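The values are calculated or read from the model by the stated rules, or taken from the named source; none is laboratory data. Every value quoted in this text rests on a predicted model; they were computed, and no experiment measured them. For neighbour counting, all protein chains shown are included, and Cβ atoms are generated from backbone atoms with ideal geometry for every residue, glycine included. The protein model used for the area step is the full one, side chains on, heavy atoms only, and it has no ligands, DNA or RNA in it. Shrake-Rupley method; radii C 1.70, N 1.55, O 1.52, S 1.80 Å.
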Amino acid sequence: MEYLVRSIAAFKDNVGYRVNGIPVTVLAYADDVALVSRNRDGMMKLLDLADRIAAWSGLKFNPRKCATFHVAGGQVRATEFRLGGGTPAVMREGEGYDYLGIPTGYKVEQTPGRLIEQIIENINALDASLLAPWQKIEALNMFLLTKLDFNLR
């Protein structure tokens, strides 16, 4: 995943957005990856690059576990993209795709309160588990606090 992220971030075709002067084409945390492009052609180039890098490294994307959305002129377009030999789901306005446990999309209603409830439920389940105390702390840090941190940012 590291090579994939670095290769996409280094892509020199000027397809991403600039944030504080820094080009952004990929957002990633662990194995959750989001590609970002200013236009349809740029996204197709990024997806093709991602497919080639995955094939080179022995990985394959599962299009059923991916989703895309294309916003142009303030409207969501029903543009299909190809990835991993298939077509990921095309999201519509108001539909969300969970990225790090948070519904992400265009004009998606996000409810931080529900996320906090889920984290509390997960903490209670973790506490009741048969894991060793150090394993519980590792799981809390790795899985639950990262979701909370992402949501708060």
Where in the chain are the helices, taken as whole DSSP H runs, whose Cα atoms extend 18 angstrom or more along the long axis and whose Kyte-Doolittle mean reaches at least -0.5?
-> 40-57, 112-128
Helical mean residue ellipticity (222 nm; -39500 (n - 2.57) per DSSP H run of 4+; nearest 500) of the chain = -11500 deg cm²/dmol
Surface accessible to a 1.4 Å probe, per residue, for the residues of the chain, Å² = 68 Å²
Using a Förster distance of 22 angstrom, determine the FRET efficiency expected from the C-beta separation of ARG6 and ARG38, and round it to 0.05.
-> 0.60
What do you get when you divide the Cα radius of gyration of the stretch 19-153 by 2.2 N^0.38 Å, with N the number of residues?
-> 1.23
State the percentage of accessible surface on the chain attributable to carbon and sulfur atoms; use a 1.4 Å probe and exclude ligands, DNA and RNA.
-> 55 percent
Length released on extending from LEU130 to ALA78, taking residue separation times 0.36 nm less the Cα-Cα span = 14.0 nm
